[in-house]
Amino acid sequence: MRMTFAFFAALLAGSAVASEPQPYRVVPEARQLKWHETECFALVCFGLNTFTGREWGYGETDPSVFNPQKFDAGQVAAAIKSGGMRGLILVAKHHDGFCLWPSATTGYNISKSPWRGGKGDLVREFADAARRHGLKFGIYCSPWDRNNEHYGKPEYLTVYHGQLRELLSNYGTVFEMWFDGANGGDGYYGGAREKRNIDAATYYDWPKTWGIVRELQPMACIFGDVGPDCRWVGNERGYAAAECWATFTPKGKRDVNRPANGDTLNSAESPAGHRDGKIWAAPECDVPLRRGWFWHPDQNGTVKKPKQLMDIYFNSVGRGGCMNLGIAPDRDGLVCPADAESLQVFGNALRSLFERNLADNAKVEADSVRKSDEKEAGRFAPENVLDGDRYTYWATDDRVLQGSLTLLLPEVREFDVVRIRENIRLGQRVEGFAVDVWENNGWREYAKGESVGACRLIHGGKVGTDKVRLRITAAAACPCISEFSLYAQNPAL
Ligand code: FUL
Ligand code: CA
């Protein structure tokens, strides 16, 4: 009876009996898979605000104030690298409109500053330094521009699109393009000093704007309130929701079905996303290392401690999103000692946490394993959860939506962190899971949850055991688990 069903199902699917599971609903694009793998990166906020003490420049500040005497992009990149991050996104133009590169689109740019005798290019120096330090490079260029005289009129769009073309053509491969949803209204606007309101839904012509990114940098993920590739998490604390879905259905204020960046109705739903949301757009959890995004002399005491950074990591990366940490170089153009120290200690803790998978050399058993062709024996084997590869996985047959996998450790080992991943190439399938530990001749439930996705981290109490079990208690389609691993956190942090 079973054979017959499988046979007909296979016939219907037009494939061999032991084929790969069908993807479940929306799945990530290649660029999004790369983004998920990046996990943790920095947003470097540096510009006129650094020298004026503001968070949002009005657009009238004279470029002569910009003169970071000891500026060293290498020092900034090294600090970011030491913090365990894999990418550096530069704020190339903030809301004040000042371009950190010699843009042909506006005179309000770095060439008007005394820095490097007006011959400097901050974007170039950061792009080069990022690559030298093995970091991916990304760009933020604010749509809102409080300096530009044309802002609010159609002409500004040509200026903005020109800026994007310069940034996306001249500085090598970009892994992410950041579109801020902030639009405040008032500004300098070429001396008009007035309030200019735009319709955020239509003014920036998002299809065309995003199209420029696709044309020039097809592998760049586009960040925004509404995605389309990764979504703003909806807060600046760096926290996704405990149960978090990579899928999301953004809604627009103006037109519910045509959401636009800066015009969203449901950012409050972003921390959790929507199970069965329309698009794959996992949360990017942005949070500044200090209180503000830019450097301020009176905020030296607000640098987040390594323990707080670890907490943010667990609540962002550990919930299937990415962590984006704001870094604010000071007026010399350097990351301050306190900031660098915090990054270094956090980075060391992160590296040491994942240095050793305490499930290594375990025997892995599962109560159910998907049948595979003789030719590809082991393709869906439980051992695939231990090979460190996000896309090799243990799977069950199509009709088996629950299952358990047990790690039999070679001896009693102590751990307090568990990492679980699904092969997200096949979508987010799991809807319920539990982790059990073997204690006093019986199983004790150690943790449970609903969502897994690209990465689910559990930080529980320290436990010593030689048997750990993952139970998939609910799934929308047969579970495809690519990792189930155990780690121990350094208590010193
Ligand atoms: C916000 C901006 O308004 C802040 O100034 C900063 O750039 C942050 C990353 O995004 O929306
Ligand atoms: Ca694997």
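Of the residues examined, R456 is not one that is more than 24 Å from the chain's Cα centre (by Cα) and either of a type in the set (K, R) or within 16 Å of ligand 2 (Cβ to nearest atom) (or both). Checking each residue in region 459-478 for being under 26 Å from N440 (Cα atoms) and open to solvent by 20 Å² or more (accessible area, probe 1.4 Å) picks out H459, G460, G461, K462, G464, D466, K467, R469, R471, T473.
If you check Y313, Y239 for being in a loop (DSSP other than H, G, I, E, B), closer than 22 Å to I420 by Cα, among the hydroxyl-bearing types (S, T, Y) and touching a helix residue (DSSP H, G or I) at 6+ places or on another chain (Cβ under 8 Å), only one passes: Y239. When region 48-90 is filtered for residues that are of a type in the set (A, V, I, L, M), farther than 17 Å from T106 by Cα and buried (at least 17 other Cβ atoms within 10 Å of the Cβ), the ones remaining, listed by number, are A73, V76, A77, A78, A79, I80, M85, L88, I89, L90. Please verify whether I481 is within 19 Å of A362 (Cβ to Cβ), among the β-branched types (V, I, T) and within 16 Å of ligand 2 (Cβ to nearest atom), treating the condition exactly as stated. Yes: the conditions hold for I481. Select from region 226-245 the residues that are under 19 Å from V452 (Cα atoms) and surrounded by fewer than 21 Cβ atoms within 10 Å (Cβ to Cβ) and write down the one among them that is nearest to the chain's Cα centre (by Cα). Among those that are under 19 Å from V452 (Cα atoms) and surrounded by fewer than 21 Cβ atoms within 10 Å (Cβ to Cβ), it is A241. Pairing each residue of region 162-176 that is under 17 Å from K34 (Cβ atoms) and assigned by TED's automatic domain parsing to the domain that holds E215 with any residue that is open to solvent by 40 Å² or more (accessible area, probe 1.4 Å) and part of a helix (DSSP H, G or I), provided the two are 6+ apart or on different chains, yields C-beta distances under 6 Å for L168/L216. Inside region 169-211, residues that are surrounded by fewer than 17 Cβ atoms within 10 Å (Cβ to Cβ) and within 30 Å of L88 (Cβ to Cβ) make up a count of 10.
Starting from residues that are open to solvent by less than 20 Å² (accessible area, probe 1.4 Å) and charged (D, E, K, R), keep the ones in region 142-163 and report whichever is nearest to A129 (Cα to Cα). Restricting to residues being open to solvent by less than 20 Å² (accessible area, probe 1.4 Å) and charged (D, E, K, R), the top hit is D145. Within region 71-103, being in contact (Cβ under 8 Å) with a residue 40 or more places away in the chain, under 28 Å from Y156 (Cα atoms) and in contact with a helix residue (DSSP H, G or I) (Cβ under 7 Å, 6 or more places away or on another chain) holds for L88, L90, A92, K93, H94, D96, F98, C99, L100, W101, S103. Do we find that E166 is within 13 Å of T105 (Cβ to Cβ), open to solvent by 60 Å² or more (accessible area, probe 1.4 Å) and of a type in the set (D, E) in this structure? Answer is no for this residue. Residues that are among the β-branched types (V, I, T) and either part of a loop (DSSP other than H, G, I, E, B) or closer than 30 Å to T158 by Cβ (or both) within region 242-268 comprise T249, V256, T264, listed in sequence order. Each residue in region 374-407 was checked for being open to solvent by 40 Å² or more (accessible area, probe 1.4 Å), free of Cβ contacts under 8 Å to residues at least 40 places away in the same chain and within 20 Å of V468 (Cβ to Cβ), and 2 pass. How many residues does region 479-489 hold that are open to solvent by 10 Å² or more (accessible area, probe 1.4 Å) and either within 19 Å of P23 (Cβ to Cβ) or touching a Gly at 6+ places or on another chain (Cβ under 8 Å) (or both)? Result for region 479-489: 1. Considering only residues in region 267-294 that are open to solvent by 30 Å² or more (accessible area, probe 1.4 Å) and touching a residue at least 60 places away in the same chain (Cβ under 8 Å), the one that is farthest from ligand 2 (Cβ to nearest atom) turns out to be W293.
Residue-level analysis places P410 outside the set of residues that are away from ligand 1 (no atom under 16 Å from the Cβ) and open to solvent by less than 30 Å² (accessible area, probe 1.4 Å).
The values are calculated or read from the model by the stated rules, or taken from the named source; none is laboratory data. Keep in mind that this is a model prediction, so the values were computed, not measured. Neighbour counts run over all protein chains shown; Cβ positions are idealised from the backbone, glycine included. Remember, those area values only see protein heavy atoms, side chains included, never the ligands or the DNA or RNA. Shrake-Rupley method; radii C 1.70, N 1.55, O 1.52, S 1.80 Å.
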